[in-house]
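Working notes, structure below.
The values are calculated or read from the model by the stated rules, or taken from the named source; none is laboratory data. As the structure is a computational prediction, the values presented were derived from the model and not from experiment. Here the Cβ positions follow ideal geometry from the backbone for every residue, glycine too, while neighbour counts run over all protein chains shown.
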Amino acid sequence: MAQAKELKEPRGWRDLPLSALPYKLSLEYKTGGWRAFRPVIDQSKCVKCLMCWLYCPEMAVLWDGEKVSINLDYCKGCGICANECPVKAITMVPETKE
Amino acid sequence: MVSVKSPKVPPEKQIKIGVNGDEAVAYAVKQSLVDVVAAYPITPQTIIVERFSEFVANGEVHTEFVPVESEHSAMSAVVGAAAAGARAFTATASQGLALMWEILYIASSLRLPVVLAVVNRALSAPINIHCDHSDAMGMRDAGWIQLFVENSQEAYDTTIQAFKIAEDPNVLLPVAVNLDGFVLSHTLEDIYMLPDEAVHEFLGGYRKAPKTFVDYLGKEVEVKLDPANPLTFGPLDLYDYYFEHKMPQVEAMKRAKDVVKKVNEEWYELSGRKYGDGVLDTYAVEDADVIVTVLGSTAGTVRHVVKKLRAKGEKVGVVRIRLFRPFPFDEIREVLKGAKVVGVMDRAISFGSFGPSFMEISTALYSLKERPLLVNYVYGLGGRDVPPSLIEKMFEELLAVAKEGEVKEPLKFLGVRE
């Protein structure tokens, strides 16, 4: 089926790809809303070892070459980064607090 | 056996061999250009994969043979292979099929045209290795096309047809070819095989993956695992899309029946052999007052008894149900509507209910204003023999029901000791 027309979302079953394949990337499915605890990085303590970047199961730790940050659109708040940080630069803060 | 006037491959060009039902399936798979066979090689496995592994070891096929550690893994491996675009096959029986159960649903919902040979055997407990249809009925709702064969010739023919049915662009569903354990699987019979090239041509060569449009790639791509066009098979799907993803399965099943019929006709033109209209195989039903329906090899015994009773002037007939899923409701209604009494034979039971085909036939006939009377006969569990004398007894009872015009016991057990 070649897609020509503009399709209304959410789609009806006749307009879905074969084999129940997803037609959008999972990037459009933001999982940050699942989070109960938010990682907060103390940049003064961070030694840029990137252990958090390596361990994050969601690839939600970002590294721009200078600074580590968290992509809160996808971070589920599991706390693995805080646990792995050798200098305790990451604190898990309840989402109920500012 | 050969009945068309001039099949493309005449009988003298076909290869006659003496094989059991398992070997008949193995030879069919050998000729079907199958890319991957994954199977658990120990009990309850049959000679199907034993013989096929010899073809692999001898270099007679190009197939990748994966001897996995369980049937759960066997079905998983063929699902993976089919998702990668391969033509994939596996075989099992009884407990092995039970262990495949959760992956059966994945094969059908991902629309992977896998072919599975099921050698029908009873389920434990107690442990039993002989024929009944309990294993197949356990996968009834898994979204697979289910064909039941009567003899080893049909096992060979149907296995090849199964690949063509499964891969038809209007179908794209897995197919289970059911053959009765021991009665067919371990019994020698002469069968006619087609030459390799004829089978290759019938199947259109190697499997070709279907195409679909994927928005994030912005184009139509082959539905297969390919790093150049990355696809995700079977990710999380919640209340927002799961229901929509079940509907194409419903529709594909609707279309499958006609494809089964079409492939039966194409095979007839090629080989001279066909099995009824592909979905039902009837005998002496036109003016019959009493008709018996049956699946699998028992049909031969019933037909034998029908011939005998017809010679005595009794108006009896038999319908062999070749296609169980999708169930041919319209066809069965058409065949049975004129009968006074229908005896429905089931080699399985749904505990707390009736035999599986009884429920289907009841459903099929309900919309008729005047319905035949129905009696369900559960028979042959765990390989219990079904001699002609037992079938004759059943017909006597059914003829008596036709005379009295009343069913006293709708569920009967044929051949069990009181």
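Just one of B:213, B:243, B:233 is in contact with a Pro (Cβ under 8 Å, 6 or more places away or on another chain) and within 14 Å of another protein chain (Cβ to nearest Cβ); which is it?
Selected residue: B:213, the only one of B:213, B:243, B:233 that is in contact with a Pro (Cβ under 8 Å, 6 or more places away or on another chain) and within 14 Å of another protein chain (Cβ to nearest Cβ).
All but one of (1) at pLDDT 95 or above; (2) more than 30 Å from residue B:98 (Cβ to Cβ); (3) within 14 Å of chain A (Cβ to nearest Cβ) hold for residue B:168, so report the exception by its number.
(2)
Take residue B:303 and decide whether it is part of a loop (DSSP other than H, G, I, E, B) and modelled with pLDDT of 95 or more.
no
Could you run through the stretch A:1-24 and say how many residues are assigned to a loop (DSSP other than H, G, I, E, B), out of contact with any helix residue (DSSP H, G or I) (no Cβ under 8 Å at 6 or more places or on another chain) and more than 7 Å from chain B (Cβ to nearest Cβ)?
5
Could you pull out the residue among B:214, B:199, B:221 that is among the aliphatic types (A, V, I, L, M) and within 20 Å of residue B:79 (Cα to Cα)?
B:221
Among (1) without any contact (Cβ under 8 Å) to a residue 40 or more places away in the chain; (2) under 29 Å from residue B:162 (Cβ atoms), there is one condition residue B:351 misses while meeting the rest; what is its number?
The number of the failed condition is (2).
Please verify whether residue B:288 is buried (at least 22 other Cβ atoms within 10 Å of the Cβ) and more than 19 Å from the chain's Cα centre (by Cα), treating the condition exactly as stated.
Spelling it out, residue B:288 is indeed buried (at least 22 other Cβ atoms within 10 Å of the Cβ) and more than 19 Å from the chain's Cα centre (by Cα).
Please give the number of the condition residue A:27 fails out of (1) in a helix (DSSP H, G or I); (2) more than 14 Å from chain B (Cβ to nearest Cβ).
Only one criterion in (1) in a helix (DSSP H, G or I); (2) more than 14 Å from chain B (Cβ to nearest Cβ) is unmet by residue A:27, namely (2).
Per-residue answers, yes or no, for (1) of a type in the set (S, T, N, Q); (2) surrounded by fewer than 24 Cβ atoms within 10 Å (Cβ to Cβ); (3) without any contact (Cβ under 8 Å) to a residue 60 or more places away in the chain; (4) under 20 Å from residue B:247 (Cα atoms):
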position: B:101; (1), (2), (3), (4): no, yes, yes, no
position: B:118; (1), (2), (3), (4): no, no, no, no
position: B:135; (1), (2), (3), (4): no, no, yes, no
position: B:145; (1), (2), (3), (4): no, no, no, yes
position: B:152; (1), (2), (3), (4): yes, no, no, no
position: B:156; (1), (2), (3), (4): no, no, no, no
position: B:181; (1), (2), (3), (4): no, no, no, no
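Table: residues versus (1) touching a strand residue (DSSP E or B) at 6+ places or on another chain (Cβ under 6 Å); (2) within 14 Å of chain A (Cβ to nearest Cβ); (3) part of a strand (DSSP E or B).
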site: B:77; (1), (2), (3): yes, no, no
site: B:82; (1), (2), (3): yes, yes, no
site: B:85; (1), (2), (3): no, yes, no
site: B:92; (1), (2), (3): no, no, yes
site: B:106; (1), (2), (3): no, yes, no
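Please determine, by comparing only the residues of the stretch A:16-39 that are of a type in the set (A, V, I, L, M) and surrounded by fewer than 14 Cβ atoms within 10 Å (Cβ to Cβ), which one is farthest from residue B:229 (Cα to Cα).
Once the filter is applied, the top-ranked residue is A:36.
Can you report the number of residues in the stretch B:197-225 which are of a type in the set (Phe, Trp, Tyr), part of a helix (DSSP H, G or I) and without any contact (Cβ under 8 Å) to a residue 24 or more places away in the chain?
Summing the residues that are of a type in the set (Phe, Trp, Tyr), part of a helix (DSSP H, G or I) and without any contact (Cβ under 8 Å) to a residue 24 or more places away in the chain in the stretch B:197-225 gives 1.
Could you tell me whether any residue of the stretch A:81-89 is acidic (Asp, Glu) and closer than 30 Å to residue B:143 by Cα?
no
Could we say that residue B:228 is part of a loop (DSSP other than H, G, I, E, B), aliphatic (A, V, I, L, M) and more than 13 Å from every other protein chain (Cβ to nearest Cβ) here?
Answer is yes for this residue.
Among the residues that make up the stretch B:254-266, is at least one of them within 14 Å of chain A (Cβ to nearest Cβ), within 17 Å of residue B:171 (Cα to Cα) and surrounded by 13 or more Cβ atoms within 10 Å (Cβ to Cβ)?
Looking through the stretch B:254-266, at least one residue is within 14 Å of chain A (Cβ to nearest Cβ), within 17 Å of residue B:171 (Cα to Cα) and surrounded by 13 or more Cβ atoms within 10 Å (Cβ to Cβ).
Could you check the stretch B:192-218 and list, in sequence order, the residues that are out of contact with any helix residue (DSSP H, G or I) (no Cβ under 7 Å at 6 or more places or on another chain), charged (D, E, K, R) and at pLDDT 95 or above?
B:197, B:201, B:208, B:211
Within the group B:401, B:386, B:416, which residue is assigned to a helix (DSSP H, G or I) and either touching a strand residue (DSSP E or B) at 6+ places or on another chain (Cβ under 8 Å) or not charged (D, E, K, R) (or both)?
Every option except B:401 fails the conditions.
All but one of (1) outside any loop (DSSP other than H, G, I, E, B); (2) crowded, with 18+ Cβ neighbours inside 10 Å hold for residue B:50; state the number of the condition that does not hold.
Unmet for residue B:50, out of (1) outside any loop (DSSP other than H, G, I, E, B); (2) crowded, with 18+ Cβ neighbours inside 10 Å: (2).
Mind counting the residues in the stretch B:181-196 that are under 26 Å from residue B:11 (Cβ atoms) and assigned to a loop (DSSP other than H, G, I, E, B)?
7
Test residue B:66 against the criterion of being more than 14 Å from every other protein chain (Cβ to nearest Cβ) and in a strand (DSSP E or B), and give yes or no.
Judged against the criteria, residue B:66 is a match.
Farther than 20 Å from residue B:112 by Cβ, touching a residue at least 24 places away in the same chain (Cβ under 8 Å), in the same structural domain as residue B:181 (by TED's automatic domain parsing) and of a type in the set (A, V, I, L, M, F, W, C): is that true of residue B:61 in this structure?
Judged against the criteria, residue B:61 is a match.
Here is a list: B:140, B:111. Which entry is farther than 21 Å from residue B:264 by Cα, within 14 Å of chain A (Cβ to nearest Cβ) and touching a helix residue (DSSP H, G or I) at 6+ places or on another chain (Cβ under 7 Å)?
B:111
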